[in-house]
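First the structure, in the form of structure tokens, and then the observations on it.
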Amino acid sequence: MRSRGRARGFPLIWDAVVVGAGPAGATTALLLARAGASVLLLDRSRFPRDKPCSEYLSPATTDVLERLGAGLLGAVERTTHAKLYGMKVVAPGGTAMIGRFRGASRPYSLAVPRTSFDAILVAAAARAGAEVRESVTVENLVWQDGRVAGVVARSCNGQRVTCHGRFVVGADGLRSVVARRLGLVRHSPPRRVAFTAHVADVAGVDEIGELHVSDRGYVGLGAVGGGITTVALVLPLRDVRRSRRDYRAEFFAELDRFPGLAGRFDPRRQVRAVLATGPFAQWARVAAVPGALLVGDAADFFDPFTGQGIHTALRGAELAAACLTHGLAPGVSATTSLQSYERARRRALRGKWLLERLIGLGVGSPALTDRVVARLARRPDLADLLVSVTGNLLPARRVLTPRVLARLLW
Ligand SMILES: Cc1cc2nc3c(=O)[nH]c(=O)nc-3n(C[C@H](O)[C@H](O)[C@H](O)COP(=O)(O)OP(=O)(O)OC[C@H]3O[C@@H](n4cnc5c(N)ncnc54)[C@H](O)[C@@H]3O)c2cc1C
């Protein structure tokens, strides 16, 4: 077990035990510790660690990082990164559209390897006063009087420890043990899995992220700085199970089957192993129960196509920390503050959920993708609008109107 942060005076009961130190957990811990709460932040990994991801921080994420302070934005900008100014989508039939980010003082997204991005957030949480313990796997929840009151965890030497908390925050990602122990996990189509890798010197990569859709699935790729491109191959779970192929070994052969990607990769220039993750989509029936709440992918993760997960994790952390800080104040009902988290999440994320689901389901239909991409290719203003909305720069309601939806389809 590796520990960083405060070295002495551990409370018997922490104000908050945060499970998972990815963007959602580290940011929740940072904000709670900054507000004066005693916070224990647990992760089964040791940082820096890799995470299967396309590593694009949607443009509005930059504003969240600036708002969080603690020198986070500066630290991200000082680390190796790339800037992406829009997204290109290539439809199964070969038609391509490009949308550029509009409506922001910084009309670009930062693309940063998760090894550095997540480690920056964890270090900031520790500096704010959170007690960070790595290589600790949470296995179960502690219940007391009908509410969650802590976690049971196992350290890398096999030792089991119980950590008590006034609140438990489940920020343990897609396969959240907290959400599963709470019995909240739900699945919905499309069920997809992803394989991701880092490759150097990919031909034709520039300052626009790329999404290539085929009848087999899709590939997202983009620069992350230092001549490295992050590549994610996303396939239907059903096909992966049926084919019994080893997609890690056949990663480049599979990429070559996408017309816009053939010949652009040199397998000898692969600089990080292929990581697999999934299946998605997964979401929790509710994100708060007595004594616990869920944030980030643990609360919901639909599909990576729109690349909004990190922004959602950070926004969710802001909402969670605000409600928990209120709930920790003397005389305030913990139940009321958890209910207010549920409402705040719904208000902030409802539009994004709907759009993300429509797009995620839509790319499963080659004919529909061909049709929409062809329309967007002819209407750059509409393409910019859609890309700016998925970049979280504009509210989802700007696209979710009968007029705009009709223009996308007819
Ligand atoms: C293929 C793919 C591409 C993506 N591309 C993008 C993109 O370009 N842009 C974007 O914004 N989003 C993208 N996403 C989504 C993004 O990766 C997630 O939304 C984001 O990582 C969510 O952060 P999180 O903190 O909720 O979870 P995570 O980042 O998954 O962090 C969870 C943490 O919990 C820890 N943990 C898990 N279980 C336990 C346990 N039992 N005990 C202790 N610790 C535990 C893990 O080690 C991990 O550190 C992509 C996702 C996929 C799958």
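Readers should treat all values here as calculations from the given coordinates under stated rules, not as data from a laboratory. Remember, it's a predicted structure, so these values are computed and weren't measured experimentally. Positions of Cβ are backbone-derived with ideal geometry, glycine not excepted, and every protein chain shown enters the neighbour counts.
A few notes on this one:
- Mean separation of Cα contacts under 8 Å, 6 or more apart, over the residue count of the chain: relative contact order %: 23 percent
- Nearest 10 degrees, 0 to 90: helix 380-390 Cα axis against the chain principal axis: 20 degrees
- In degrees, nearest ten, helix 309-328 long axis to first principal axis of the chain (Cα): 20 degrees
- Placing unit charges on the Cβ atoms only, positive for Lys and Arg and negative for Asp and Glu, gives region 288-410 a dipole magnitude near 580 debye about its Cα centre.
- Share of pairwise Cα separations in region 288-410, more than 26 Å, in percent: 33 percent
- Rounded to the nearest 20 debye, the dipole magnitude of the chain is 660 debye, with +1 charges on Lys and Arg beta carbons, -1 on Asp and Glu beta carbons, and the Cα centre as origin.
- Using alpha-carbon coordinates, inclination of helix 366-378 to the longest axis of the chain, degrees: 80 degrees
- Take the Cβ atoms of Arg257 and Val332, set R0 to 60 Å, and the FRET efficiency comes out at 0.60.
- Here the Karplus relation 6.51 cos²θ - 1.76 cosθ + 1.60, evaluated at θ = phi - 60°, turns the backbone of region 18-32 into coupling constants of 9, 9, x, 10, x, x, 5, x, 4, 6, 4, 4, 4, 5, 5 Hz, with x for every Gly and Pro.
- FRET efficiency for the Arg343 to Arg268 pair, using the beta carbon distance and R₀ = 45 Å, is estimated at 0.30.
- Computed E for Leu12/Leu368 - FRET, C-beta separation, R0 60 angstrom, nearest 0.05: 0.60
- What the pair-distance distribution of the chain shows, using all Cα-Cα distances binned every 10 Å from zero, is 5, 23, 32, 25, 12, 3, 0 percent.
- Relative contact order of region 19-117: 31 percent, from C-alpha pairs under 8 Å at least 6 residues apart in sequence.
- Intensity falloff of region 174-302 expressed as log10 I(q)/I(0), Debye formula with alpha-carbon point scatterers, at q = 0.13 Å⁻¹: -0.62
- Charge-dipole axis of region 238-331 as Lys and Arg at +1 and Asp and Glu at -1 on Cβ define it, positive-most pick from Ala322, Pro259, Val295: Pro259
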